[in-house]
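Visitor: My structure is below; once you've seen it, I'll send some questions.
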Amino acid sequence: MLHSRTLLAATVAVFALLGAPAVKAETPADTLIQAWAIDDIISLDPAEIFEFTASEIAGNSYEGLIGYDPADVTNIYGKIAESWEVAPDGMSITFKIRDGRTFASGNPITAEDVVFSLTRAVKLDKSPAFILTQFGLNAENVDDMVVQTGPDTVQFKMDKPYAPTLVLYCLTATVGFVVDKKLVMEHEQNGDFGYEWLKTNYAGSGPFTIREWRANEAVVMERNPNYSGDPTPMARVIYRHIPEGATQRLLLEQGDIDIARSLTAEEIDAVRANPDLKIQEGPKGSIYYLGLNQKNENLAKPEVRQAMKYLVDYQAIADTIMKGKVMVHQAFLPRGFLGALEDTPFSLDVAKAKELLAEAGLPDGFSVTMDTRNTPEITGIAQAIQQTMAQAGIQMELIPGDGQQTLTKYRARNHDIYIGRWGPDYQDPHTNADTFARNPDNSDDAASKPLAWRNAWDIPDMTAMADAAVLESDPAKRAEMYREIQREHQQTSPFVIMFQEIEVTALRSNVDGFIVGPSFNDNNYAHVTK
Amino acid sequence: MSDDTDGGGRGGALPRVLWKIARLLATVALTFLGLLVVTFLIGRVVPVDPVLAVVGDRAPKSVYDRVFVELGLDRPLYEQFWIYLQKVLSGDFGQSFLTKRAITEDIARVFPATLELATVAILIGTVAGIPMGVWAAVRQGRLADQVVRVLGLVGYSAPIFWLGLLGLLVFYARLHWVAGPGRVDIAFEYSITPRTGLLLLDSAMQGEWAAFRNVFSHIILPASLLGYFSMAYISRMTRSFMLNELAQEYVTTARVKGVPEWRIIWVHALRNAAVPLVTVIALSYASLLEGSVLTETVFAWPGLGQYLTNSLQNADMNAVLGSTLLIGAIFVGLNLLSDLLYTLLDPRVRRQA
């Protein structure tokens with residue numbers, strides 16, 4: 001046994017000698033380090049950015065014409081624009097560009113840059129371009145629709161008199177962010193408006209610049225020395241790709257990172273109990289829902305749809321499985337949106353559900369499948385629903401799958417039930433009405449395939465109501481129109497809308513000033529101190 | 001390899017070597033072709049829409065359709081494969097849908113991380129595994145043997161995910177002996193200029209000893225864990241090879257001649273057991289080089305395993321095919337290397353060649 005003891009001693013000695021210097025680390029005082037899963041980034045070009053992480057990065061490194069107060073989204077203010085005016089006929093909006101502001105490169109921000117950025121996004125026609133093209137813009141006409149009308153004025157024309165709030169909110173989305181024309185065009189090749197270059201580089205004017213993106217590894221941002229606002233307290237912000245929640249928690253507890261962004265519900269409990277750490281919450285726009293495919297003859301019965309809304313134990317899931325990462329919410333517009341409906345008429349009521357099933361001619365229930373993303377949280381919610389559904393005789397089989405796999409099936413309408421999460425594309429109610437309450441063409445080869453289409457829900461009347469709401473210029477009337485649509489939607493739709501997401505971040509207790517906004521590009525760390 | 005056995009006819013030596021090389025090249029080419037065909041087909045039959053990874057879920061139909069054509073998905077399968085093959089032959093592995101970079105560039109970035117981890121791990125596994133195996137064989141059936149067996153059993157059966165988290169909890173969070181997940185602390189990130197991509201080597205070459213120590217304290221825990229797994233395998237194999245050798249007549253002869261026992265074990269027997277062991281070690285190394293997805297996830301290690309899994313989940317086929325080819329090349333390369341080592345270690349094989 002002598003050998004083994006020597007061996008053990010030697011091992012310990014090696015560890016002690018080489019490992020000992022790695023004592024508890026602290027992050028540099030001028031650097032904010034966040035752990036997040038950043039593998040969703042596919043581009044850093046505002047014309048293409050549509051993912052959570054990249055949106056947040058763009059929100060802190062680029063600026064749009066206008067912005068809104070994350071605490072009260074009805075308060076819209078000018079950023080690059082100093083002011084704006086809606087034409088009397090409602091067919092255009094003219095923006096006056098603020099004087100004396102510069103990009104990080106030192107180039108001045110001009111009306112020309114604004115026109116370039118918007119027309120560029122339309123012409124490149126990447127995923128988020130529809131946010132602009134829905135106003136009747138396309139690659140052919142955009143040069144006539146977005147024009148410079150004076151040394152510092154830009155006119156944005158539309159094909160219909162859309163509600164001004166809709167247009168303004170759409171321009172706050174990342175696709176409307178202003179890029180440095182001169183810098184971008186220096187890198188143009190084959191008429192691509194600098195796209196090949198910008199998707200991994202930076203040409204903005206926000207509080208931070210993007211120094212480097214190493215896919216699946218890190219994003220490094222630095223203080224913008226030419227920023228027109230107050231310089232940021234932090235010299236550097238680094239995102240580290242840490243996919244595993246438990247690992248994030250360990251790093252945070254040790255002080256190797258300042259903020260952990262994707263803790264699971266279990267870890268959140270542990271963080272709450274730790275005095276060195278704190279939790280910050282903010283409601284997000286994402287909605288958790290079940291989509292019931294109307295191609296399934298059982299699910300197509302109105303009583304069955306209604307019954308299923310009584311077979312989810314909403315509060316229990318929010319409290320025990322999600323531990324505060326969601327709140328119960330049962331209408332398609334999230335809280336914080338114009339016209340949001342906060343009624344929650346449904347709760348677990350097995351007797352009522354059984355009655356409804358009997359009315360539908362299914363007193364003994366039926367069998368059905370649900371495609372479930374294999375993340376712990378979605379699986380947890382799905383299993384809880386499976387259990388309560390069974391109490392009314394509905395045998396629900398869960399089909400686990402990877403995210404892209406279940407999504408592919410959902411998009412092809414091959415599912416029975418899909419458990420999904422939907423985040424709004426911009427801050428206006430139309431973004432969710434457009435997908436949950438509009439279905440212009442229910443045929444298999446339809447040109448537009450909103451969520452209502454994916455669940456084969458044919459709703460010409462509701463589609464017309466949603467279309468009318470888009471053109472209502474009085475915000476109060478418009479809000480009431482959306483509430484009316486939601487009241488009907490809540491009762492009749494094949495969507496069991498369950499929760500609104502709450503983003504929960506865990507921070508070291510010395511980190512102050514981090515803002516969790518309603519959408520990811522509103523998450524802001526320009527004023528963070530530690 | 002059972003033909004051309006006799007060593008006679010020196011005149012035919014050169015053509016025979018050439019013939020051997022040609023046959024080797026043909027085998028390698030065929031292996032790669034087969035690998036490509038199978039991977040390509042799997043990539044096309046998985047029920048994941050590759051366009052989704054590029055445009056996301058929200059893209060309007062016009063954008064979706066355009067990208068569908070851009071990716072060549074409107075062409076018949078054999079045509080897609082032919083186009084891909086032509087590009088690969090000219091050294092163009094295409095672009096990743098996800099990272100928007102050339103596959104070669106991506107792999108050059110992620111592979112060194114895995115290579116470094118795997119190399120340290122296999123060193124640990126070999127240095128610990130062989131003596132343990134020898135020791136267990138010599139003390140067959142006694143306590144030492146049982147201890148090695150139990151250690152090996154744990155190594156085989158404990159999920160690395162769990163061991164990894166446990167290791168972090170104990171050595172990083174509680175004892176502070178090692179640094180946490182990641183390859184290097186932020187503070188040292190920019191003090192090392194990447195040349196080889198192997199941070200230990202880079203920092204040592206540049207004389208950045210503080211950085212070297214930091215890199216070492218990051219790598220030692222995941223490498224020890226992976227090393228533990230290969231140690232479990234290597235020690236089991238060493239034990240059985242050694243038992244086989246120790247039962248041979250030459251060992252008895254040596255003992256009768258009065259050769260000291262340590263010499264019989266470490267020189268005579270181990271030398272003969274080393275031949276099959278080389279293959280075992282080479283294969284362990286190859287499997288480590290594929291990248292261990294779970295270890296890389298727990299330790300936030302930006303290596304090949306994470307890259308490949310992420311690409312697979314998003315049906316990023318160029319990335320999957322490129323990585324698969326690399327892994328194939330590693331296996332073929334290490335097999336060749338172990339064949340070469342055979343000739344060095346085993347005089348019989350040398351004579352045949």
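The values are calculated or read from the model by the stated rules, or taken from the named source; none is laboratory data. Quick caveat: nothing in here was measured; it's all calculated off a predicted structure. Every residue, glycine as well, gets a Cβ built from its backbone with ideal geometry; the counts of neighbours run over all protein chains shown. Ligands, DNA and RNA are stripped out before the accessible areas are found, and what is left, the full protein with its side chains, is counted by its heavy atoms. Shrake-Rupley method; radii C 1.70, N 1.55, O 1.52, S 1.80 Å.
Visitor: Can you name the number of the only condition in (1) touching a strand residue (DSSP E or B) at 6+ places or on another chain (Cβ under 7 Å); (2) open to solvent by 50 Å² or more (accessible area, probe 1.4 Å) that B:Leu123 fails?
Guide: Condition not satisfied by B:Leu123: (1).
Conditions tested, residue by residue: (1) within 26 Å of the chain's Cα centre (by Cα); (2) hydroxyl-bearing (Ser, Thr, Tyr).
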position	(1), (2)
B:Ala173	no, no
B:Trp177	no, no
B:Gly182	yes, no
B:Pro194	yes, no
B:Ser203	yes, yes
B:Glu208	no, no
B:Arg213	yes, no
B:Ser217	yes, yes
B:Ile220	yes, no
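Visitor: Specify the residue that is most open to solvent (accessible area, probe 1.4 Å); the eligible residues are those in the range B:200-228 that are modelled with pLDDT under 90 and more than 13 Å from chain A (Cβ to nearest Cβ).
Guide: Taking the candidates together, the pick is B:Met205.
Visitor: Could you list, in sequence order, all residues of the range A:234-254 that are within 10 Å of chain B (Cβ to nearest Cβ) and open to solvent by less than 20 Å² (accessible area, probe 1.4 Å)?
Guide: Within the range A:234-254, A:Ile238, A:His241, A:Ile242, A:Thr247, A:Gln248, A:Leu250, A:Leu251, A:Gln254 meet the criteria.
Visitor: Between A:Gly282, A:Gly291, which is under 30 Å from A:Thr31 (Cβ atoms) and open to solvent by less than 10 Å² (accessible area, probe 1.4 Å)?
Guide: A:Gly282
Visitor: Can we say A:Ala20 is open to solvent by 30 Å² or more (accessible area, probe 1.4 Å), modelled with pLDDT under 90 and within 12 Å of another protein chain (Cβ to nearest Cβ)?
Guide: Here the answer is yes, as A:Ala20 does meet what is asked.
Visitor: Here's something else I'd like to know. Within the group B:Val28, B:Val88, B:Val54, which residue is open to solvent by less than 70 Å² (accessible area, probe 1.4 Å), in a helix (DSSP H, G or I) and either within 14 Å of chain A (Cβ to nearest Cβ) or over 30 Å from B:Leu337 (Cβ atoms) (or both)?
Guide: B:Val54
Visitor: Residues of the range A:35-48 being part of a loop (DSSP other than H, G, I, E, B) and of a type in the set (A, V, I, L, M), which ones?
Guide: A:Ala37, A:Ile38, A:Ile41, A:Ile42, A:Leu44, A:Ala47 - these are the residues of the range A:35-48 that are part of a loop (DSSP other than H, G, I, E, B) and of a type in the set (A, V, I, L, M).
Visitor: Could you list, in sequence order, the residues of the range A:362-399 that are hydrophobic (A, V, I, L, M, F, W, C) and in a helix (DSSP H, G or I)?
Guide: Matches in the range A:362-399: A:Ile378, A:Ile381, A:Ala382, A:Ala384, A:Ile385, A:Met389, A:Ala390.
Visitor: Against the conditions (1) in contact with an Asp or Glu (Cβ under 7 Å, 6 or more places away or on another chain); (2) of a type outside the set (Phe, Trp, Tyr); (3) surrounded by fewer than 21 Cβ atoms within 10 Å (Cβ to Cβ); (4) more than 30 Å from A:Pro231 (Cα to Cα), where does A:Asp89 fall short? Just the number, please.
Guide: (1)
Visitor: Could you grab me the full set of residues in the range B:132-153 that are surrounded by fewer than 17 Cβ atoms within 10 Å (Cβ to Cβ) and either in contact with a Leu (Cβ under 9 Å, 6 or more places away or on another chain) or closer than 16 Å to B:Ile220 by Cβ (or both)?
Guide: Hit for the range B:132-153 is B:Gln140, nothing else.
Visitor: Let me ask something else. Restricting to the range A:31-52, name every residue that is hydroxyl-bearing (Ser, Thr, Tyr) and closer than 22 Å to A:Leu277 by Cβ.
Guide: A:Thr31, the sole residue that qualifies.
Visitor: Kindly indicate whether any position in the range A:49-67 is part of a strand (DSSP E or B) and open to solvent by less than 60 Å² (accessible area, probe 1.4 Å).
Guide: Looking for residues that are part of a strand (DSSP E or B) and open to solvent by less than 60 Å² (accessible area, probe 1.4 Å), one finds at least one in the range A:49-67, hence yes.
Visitor: Would you check if there is a residue in the range A:417-426 being surrounded by fewer than 22 Cβ atoms within 10 Å (Cβ to Cβ) and away from every other protein chain (no Cβ under 13 Å)?
Guide: No, that holds for no residue.
Visitor: Within the range A:137-154, identify whether any single residue is open to solvent by less than 20 Å² (accessible area, probe 1.4 Å), touching a Pro at 6+ places or on another chain (Cβ under 8 Å) and outside any strand (DSSP E or B), and answer yes or no.
Guide: Within the range A:137-154, none of the residues are open to solvent by less than 20 Å² (accessible area, probe 1.4 Å), touching a Pro at 6+ places or on another chain (Cβ under 8 Å) and outside any strand (DSSP E or B).
Visitor: Does the range A:434-446 contain at least one residue that is farther than 25 Å from A:Met308 by Cα, aliphatic (A, V, I, L, M) and open to solvent by less than 10 Å² (accessible area, probe 1.4 Å)?
Guide: Within the range A:434-446 (the criterion being farther than 25 Å from A:Met308 by Cα, aliphatic (A, V, I, L, M) and open to solvent by less than 10 Å² (accessible area, probe 1.4 Å)), the answer is yes, since at least one residue qualifies.
Visitor: Within the range A:188-212, track down each residue that is open to solvent by 10 Å² or more (accessible area, probe 1.4 Å) and either among the acidic types (Asp, Glu) or in contact with a Leu (Cβ under 8 Å, 6 or more places away or on another chain) (or both).
Guide: A:Glu188, A:Asp192, A:Phe193, A:Tyr195, A:Glu196, A:Thr200, A:Asn201, A:Tyr202, A:Ile210, A:Glu212
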